[in-house]
Amino acid sequence: MTIQWKKSTCPYCGVGCGLTVKTEHGKIVHVYGMDGHPVNKGDICALPVHYPALFSAAGRLTQPMIRRDGKLTPVDWDEAVMHVANGLNRIIKRYGPHAVAFLGGAANFTEEYYLINKLMKAAIGTNNVECTARLCMASASMGFLSTFGADAPPTCYNDIEEADLFFIAGNNMAVSLPVLFRRVCAARIKNKTKIIVVDPRRTETACMADIHLQIRPGTDVALNNALAYILIKEGYVGETAVKQYTTGFDNLKEVVEEYSPARAAVITGCTETFIREAAHVIGQAKKMLTFWFQGYNQSTQAVFKNNTLHNLSLLTNNYCRPGAGPLSITGEANTLGCRWVGTLSHLLPGMRMVSNPRHRQEVAEYWDVPVEKIQATPGRSILDIIHGLHSGEVHALWVLASNPAASLPHTRWVEEGLSKAELLIVQDIFHPTETSMLADVVLAGAQWCEKTGTLISSERRIELVEKIVDPPGMAKSDCEIIWMIARAMGFQKEFLYASPDDVFDEWKGITNGRICDMCGVSYERLRDRVGLQLPCPEMSHPGTQRLFIDRQFPRPDGRAALLARDYKEPAETTTNEYPFVLITGRLACHFNTRTRTGRIKHLHDIEPDNFVEIHPVDAKNLGIEEDDMVEVISRRGRVRGVVRIKDRVLIGNVFMSMHFGKASLAGDDKLANLVCNPVYDIHSKQPEFKYCAVKISKSVRG
């Protein structure tokens, strides 16, 4: 028996847990947490433990397919590649480069993002390049950029053990980030670290809190402004010191005058006493570490939520020190990597912006293309791409390791848009998914340890995932598929790569001198260690644990910005006809739209169906009992779920999981996104999944 042990990194959330992979006879049989890894220290959550089952799960793609006479038919790679290349070239020639678009998943390797960016932005000449980071971390990214001058998370996981206060907002860490949450709980016991949790639900995380601020959904800006009001009024802010490393204090002070605790209590539903108590705990803390997640980011006021949360850290000197500062954890494995490589429609590689002339010039020179080729106007966000499919302005969409037909809000509208595409290319590891069922071409990709590439975690740690086993059948690595199509389109000399290592060596050069500098990183160096925290500019450099410790920020005046932000109601509020607020969220046993975890029997059996959490008072008023089937109806559609009567939600609120869809064995009517609102934060263009007005009616099972 041939047994091997290999190190790897988790392909799910953005924590970046180190894994040890056991293979027998060329097959992955076990995945363990890596002992001694600085992130997880041997710990592991339920998802990677059960990952080996995916390598033999039903529906695994083993060769490409082309739709003929309404049916997807297997073909060889030469035919598939030429079909895609000719189709894209035909559409570009007829309608122009902006008629094509790309959407990637945020768990792809950075090398894959780099290739698709180069193809779309330098070769084809369009910025219509998106990634599911738009659904996950676009608001956190814009919050960092507007407050500190760069999308650069400054803290690290070791700050968990240094902090004396955790401020956790819109983040059920116990479910979404269990490994880090266990570190939080251990620090709470060992160091007596206090916890403030802000969440409309009394979640597993909130149950661990010293203070749970159970606010109405979407009212975080008002709460944060009230906390700032108290901190300033009661002398917790050293105004002279704060003005030395920030701008905007006087304006912020004036605006928060409108957010007295009494007014904030009316807006948020929290008592004035609780708000004051939380402010006092923040003011007395020496090292406050802030966590936030999709409860913040998936909102039409998401960037303002981020800004006002950062204000609390800056006002109280809880920044640029061990144990103090913002620690945003991404929801997918490489969301930071995709942002830094530029896989959003407003970005260029190396933390550059398409709207910045100097940035365009730098990238054009590096790629050896005319600067005019790189468009100065941001491309379409993913929801705007769907609008473009409906309007006939977008004719082709290439989807890589993503499932927009289930993951985007207002699902019927999304499906209709995808169905209007002249050419829908889906590159994935499984079929069917909600999106692959609509595809004109399906390309069989490799997953995780079937290919080689790098991931960048939420603490800026770059890790190498190496190929351990071969992909099944004719499936190929995503890098190879991209450069094959690029060459077939006529871009041979621009895509002369032979391996992911070649791509990485080119990509890292464009980071030289940037905050994301990885010139001191190589595949060989990553093989010898557990990853390096960026920036890492030289081969002798040990990596950078924390950023901005000198309090010099990458803004024109070198200071961080205190940004005064007014509270605004969500885009859609309740009415007599739609009296309930629906919020959506994650489960511990599932990931995204279950294209993977839904195929693992053990995980599927834990939560095989969607459900609706409703408060006992509301259930009684509606004549609904536990385990009844109900319909949740919005202005856009309806979704069904089994009732769970829980007082963990507020009266007037209901909660559903985000994971279930028709390709996940749950049924066509169990997908919460059928009813969600396709509006977004105008600054980040991240959709508002966390608030829509609905009504509830009893339904019949079946």
When the residues of segment 492-542 are filtered to those that are of a type in the set (K, R) and without any contact (Cβ under 8 Å) to a residue 12 or more places away in the chain, which remaining residue is nearest to V15 (Cα to Cα)? R529
Is there a residue being under 30 Å from P678 (Cβ atoms) and either at pLDDT 95 or above or buried (at least 22 other Cβ atoms within 10 Å of the Cβ) (or both) anywhere in segment 549-563? yes
Of all residues in segment 266-295, which are under 25 Å from Y157 (Cα atoms) and either of a type in the set (G, A, S) or modelled with pLDDT under 95 (or both)? A278, A279, G283, A285, F293, Q294, G295
By residue number, the members of segment 194-223 that are open to solvent by 20 Å² or more (accessible area, probe 1.4 Å), assigned to a helix (DSSP H, G or I) and either in contact with a His (Cβ under 8 Å, 6 or more places away or on another chain) or farther than 14 Å from V649 by Cα (or both) are M208
Can you tell me how many residues in segment 167-183 are touching a strand residue (DSSP E or B) at 6+ places or on another chain (Cβ under 6 Å) and among the hydrophobic types (A, V, I, L, M, F, W, C)? 3
Of the residues S139, S146, S56, only one is touching a Phe, Trp or Tyr at 6+ places or on another chain (Cβ under 8 Å) and either among the hydroxyl-bearing types (S, T, Y) or on the phi > 0 side of the Ramachandran plot (or both); which? S139
Which fully enclosed strands (runs of 3 or more DSSP E) of segment 44-154 have 2 or more residues being at pLDDT 95 or above and within 27 Å of G473 (Cβ to Cβ)? 65-68, 71-74, 100-104
Kindly list, by first and then second residue, each pair from a residue in segment 144-157 that is free of Cβ contacts under 8 Å to residues at least 60 places away in the same chain to a residue that is among the charged types (D, E, K, R) and open to solvent by 10 Å² or more (accessible area, probe 1.4 Å), limited to pairs with Cβ atoms under 9 Å and residues at least 6 apart or on different chains. L145/D151
Across segment 447-468, what is the total count of residues that are of a type outside the set (F, W, Y), closer than 19 Å to E24 by Cα and touching a residue at least 24 places away in the same chain (Cβ under 8 Å)? 7
Can you tell me which of (1) among the acidic types (D, E); (2) open to solvent by less than 40 Å² (accessible area, probe 1.4 Å); (3) modelled with pLDDT of 95 or more is the one E626 doesn't meet? (2)
Checking the structure you have, find out if any residue of segment 661-670 is open to solvent by less than 40 Å² (accessible area, probe 1.4 Å) and touching a strand residue (DSSP E or B) at 6+ places or on another chain (Cβ under 7 Å). yes
Here is a check on your reading of the model: is P472 more than 24 Å from Y12 (Cα to Cα), in a loop (DSSP other than H, G, I, E, B) and open to solvent by 10 Å² or more (accessible area, probe 1.4 Å)? no
Kindly state which helices (runs of 4 or more DSSP H) lie completely within segment 256-356 and contain at least 2 residues that are within 28 Å of the chain's Cα centre (by Cα). 294-297, 302-315, 335-341
Given the structure, is A444 of a type outside the set (K, R), open to solvent by less than 10 Å² (accessible area, probe 1.4 Å), part of a helix (DSSP H, G or I) and touching a residue at least 12 places away in the same chain (Cβ under 8 Å)? no
Looking at this structure, is P326 surrounded by fewer than 24 Cβ atoms within 10 Å (Cβ to Cβ) and modelled with pLDDT of 95 or more? no
Are any of the residues in segment 224-239 of a type outside the set (S, T, Y), open to solvent by less than 60 Å² (accessible area, probe 1.4 Å), closer than 30 Å to E613 by Cα and free of Cβ contacts under 8 Å to residues at least 24 places away in the same chain? no
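Return the residues of segment 574-587 that are in a loop (DSSP other than H, G, I, E, B) and either buried (at least 18 other Cβ atoms within 10 Å of the Cβ) or at pLDDT below 95 (or both); say none if nothing qualifies.
Residues satisfying the conditions are Y578, R586, L587.
The values are calculated or read from the model by the stated rules, or taken from the named source; none is laboratory data. On a predicted model such as this, the values are computed, not experimentally measured, just so you know. Don't worry about glycine lacking a Cβ; one is built from the backbone with ideal geometry, like all the others, and counts go over all protein chains shown. For the accessible areas, the whole protein counts, side chains as well, though only heavy atoms, and no ligand, DNA or RNA atoms are used. Shrake-Rupley method; radii C 1.70, N 1.55, O 1.52, S 1.80 Å.
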